[in-house]
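Engineer: If you scroll down you'll find the structure; I have some questions about it.
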Amino acid sequence: MKALNSKIVAILCLIVFSKSKVQGWTDDPTYGFEELPLNTSLYHIQKPYDLPVSDRYSFIDGVHELWVFSTDKPLSHNSPTHPRTEIMIQKLEILLVSKTCSHFEGYEYYSGVWQFEGCGYVPNGTTGVCIMQVFGADPPRATTFMLRVYNGSLFYYADSLLQSDIYDKWFRLNVIHDVGASNVKIYIDGVHKFEATGRGGTFHYFKCGVYGQDGMSPCMESRWKGIRVLKKL
């Protein structure tokens, strides 16, 4: 009887699994991950060096709004990069009372399996822009992953189309970076869209916002809410 019951359970599980595939049900990319504490003290806003943060960033009712113009200055006086306004989720340096040494805390990572989750929104007209990245790679590259927008579609860098018709609607993004396996997985609205090989690097952290690329529009904007950082258990 026990053997028969076990077979029945196995058959039922197979039916449910098959039905989920047919109906397009999706897996939860956060399964097996632990959500880490996150607050704005771990955010550093990169913006044109000659402007205050409030000129290019706002945080109202849980929504981060970031914008930049193609004519804006870079993030620092000597930087050769395009204009940007980005949230860096990075470590903070905490000086000890003695001021003789320091320690670090935050989410700059060197190993393990890490995940970024957030709901993004890109208004119509924004193009030629990176809206999320995994920073850190072996030179001459600087990033392991970039999510870019070109003419209303999401791309892995400028190479692979991930999702079309994304203007003026919220989408959920999950990016999983396995440092040891040198692997990056991208999910959009719970659907596994793409997988890429890592690009090395000694340290990494997540960024989101707007960072102009070749062919950037005069004004670039993205909005983010529900940002989470998770780590594999």
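The values are calculated or read from the model by the stated rules, or taken from the named source; none is laboratory data. Predicted, not measured: the structure shown is a model, and the values here were computed from it. Keep in mind that these areas ignore ligands, DNA and RNA; they rest on the heavy atoms of the full protein, side chains included. Shrake-Rupley method; radii C 1.70, N 1.55, O 1.52, S 1.80 Å.
Engineer: Classify the stretch 147-233: rounded, prolate or oblate, from the alpha-carbon gyration tensor (a ≥ b ≥ c, eigenvalue square roots; a/c under 1.5 rounded; otherwise prolate if a/b is larger than b/c)?
Structural biologist: prolate
Engineer: Next question. Quick one: what are the phi-derived ³J(HN,Hα) couplings along the stretch 184-193, Karplus 6.51/-1.76/1.60 with θ = phi - 60°, whole Hz, x for glycine and proline?
Structural biologist: Along the stretch 184-193, the couplings run 10, 10, 10, 10, 10, 6, x, 9, 5, 9 Hz.
Engineer: Kindly report, to the nearest 10 Å², the accessible surface of THR144 as traced by a 1.4 Å probe over protein heavy atoms only.
Structural biologist: Rounded to the nearest 10, the figure is 0 Å².
Engineer: Also: Can you give me the solvent accessible area of ASP159 with a 1.4 Å probe, rounded to the nearest 10 Å²?
Structural biologist: For ASP159, solvent-accessible area is about 120 Å².
Engineer: List the pairs from LYS73/LYS193; LYS73/LYS231; LYS193/LYS231 whose alpha-carbon separation is above 27 Å, in the order I gave them.
Structural biologist: Distance filter (> 27 Å) returns LYS73/LYS193; LYS73/LYS231.
Engineer: Another question, if that's okay. Could you rank PHE59, PHE145 by how accessible they are, 1.4 Å probe, largest area first?
Structural biologist: Of PHE59, PHE145, the descending order of accessible area is PHE59, PHE145.
Engineer: For THR127, enumerate residues with amide H under 5 Å from its amide H, sequence gap 5+ or separate chain, H modeled in the peptide plane.
Structural biologist: Here SER217 satisfy the definition.
Engineer: Tell me the accessible surface of LYS73 in square angstrom (1.4 angstrom probe, heavy atoms of protein chains only), to the nearest ten.
Structural biologist: We get 90 Å² for LYS73.
Engineer: For the stretch 130-233, what is the accessible area per residue in Å² when the probe is 1.4 Å?
Structural biologist: 41 Å²
Engineer: For a quick check: with amide H placed at 1.01 Å from N, whose amide H comes under 5 Å from GLU108's, ignoring anything fewer than 5 positions away on the same chain?
Structural biologist: Excluding prolines and chain starts, which carry no amide H, the hits are LYS91.
Engineer: List the residues, sorted by chain then number, that are 5 or more residues from LEU162 or on another chain and whose placed amide H is less than 5 Å from its amide H.
Structural biologist: The answer is LEU154, PHE155, TYR156.
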